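To start, the structure itself, in structure tokens.
The values are calculated or read from the model by the stated rules, or taken from the named source; none is laboratory data. No experiment lies behind these values; they were computed from the predicted model shown. For neighbour counting, all protein chains shown are included, and Cβ atoms are generated from backbone atoms with ideal geometry for every residue, glycine included.
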Amino acid sequence: MVSYSSSKYASSTFSKSLGHPYNFKRTGIRIVALCPELTHTAMTAKQTVWGDQLEDYKKVIKDAVWQEPDEVGKAVVQIFKIADSGTAWRISGGKHTLAPAYQYLTDEEIEKALYM
Ligand SMILES: NC(=O)C1=CN([C@@H]2O[C@H](COP(=O)(O)OP(=O)(O)OC[C@H]3O[C@@H](n4cnc5c(N)ncnc54)[C@H](O)[C@@H]3O)[C@@H](O)[C@H]2O)C=CC1
Ligand SMILES: CC/C=C\C[C@H](O)[C@H](O)/C=C/C=C/C=C\C=C\C(=O)C/C=C\CCC(=O)O
């Protein structure tokens, strides 16, 4: 999962940067990151990649909250109606919430961080 998680981190920071208000003002294009949690798909059904970690994977998924792809799709429609560019949204059990880490610093906080 190390390479998998690293690629997710890369794509989330990529979309955060691309969707930054500065770029949105220049282009008018909204970029929004969608972060579903465990969803029944071909990928999560596949158990061939785990090797000796398969039992650990089974333990993690046993008690997890699962959702179906169509629930993710419905949440995405709602997210697109309200999401600001550069935000990321968690979709878990068919419910969407703004991922707090993606809320931007205020101008004052940026000033403070840069110039103090
Ligand atoms: N299923 C889950 O619980 C979660 C999935 N994700 C992410 O969502 C994305 C989709 O995942 P799933 O729908 O679960 O997987 P999936 O295995 O069911 O679907 C992946 C799709 O991508 C296609 N694909 C693979 N390589 C491709 C390529 N080089 N060019 C074009 N298409 C290609 C496959 O043919 C397949 O249709 C992945 O990035 C996954 O990491 C994120 C969070 C949770
Ligand atoms: C409790 C988990 C909570 C949330 C889910 C996460 O957001 C995450 O994105 C979901 C991941 C689920 C993955 C399940 C199966 C993956 C199978 C694969 O084939 C992934 C490919 C490679 C991983 C192994 C490796 O790095 O070699």
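Residues of segment 19-42 that are in contact with a Gly (Cβ under 7 Å, 6 or more places away or on another chain) and without any contact (Cβ under 8 Å) to a residue 60 or more places away in the chain: R30, I31, V32. Check whether at least one residue in segment 19-40 is within 13 Å of ligand 1 (Cβ to nearest atom) and in a helix (DSSP H, G or I), and report yes or no. Checked segment 19-40: no residue is within 13 Å of ligand 1 (Cβ to nearest atom) and in a helix (DSSP H, G or I). Scoring I79 on the criteria (1) at pLDDT 95 or above; (2) out of contact with any Phe, Trp or Tyr (no Cβ under 7 Å at 6 or more places or on another chain) leaves a single failure, condition (2). Residue count for segment 35-70 under the criterion of being touching a Lys or Arg at 6+ places or on another chain (Cβ under 9 Å) and surrounded by 12 or more Cβ atoms within 10 Å (Cβ to Cβ): the result is 5.
The numbered conditions (1) away from ligand 1 (no atom under 12 Å from the Cβ); (2) over 27 Å from A83 (Cβ atoms) are all true for S3 except (1).
Residues in segment 45-64 that are aliphatic (A, V, I, L, M) and either out of contact with any Leu (no Cβ under 7 Å at 6 or more places or on another chain) or more than 15 Å from ligand 1 (Cβ to nearest atom) (or both): A45, V49, L54, V60.
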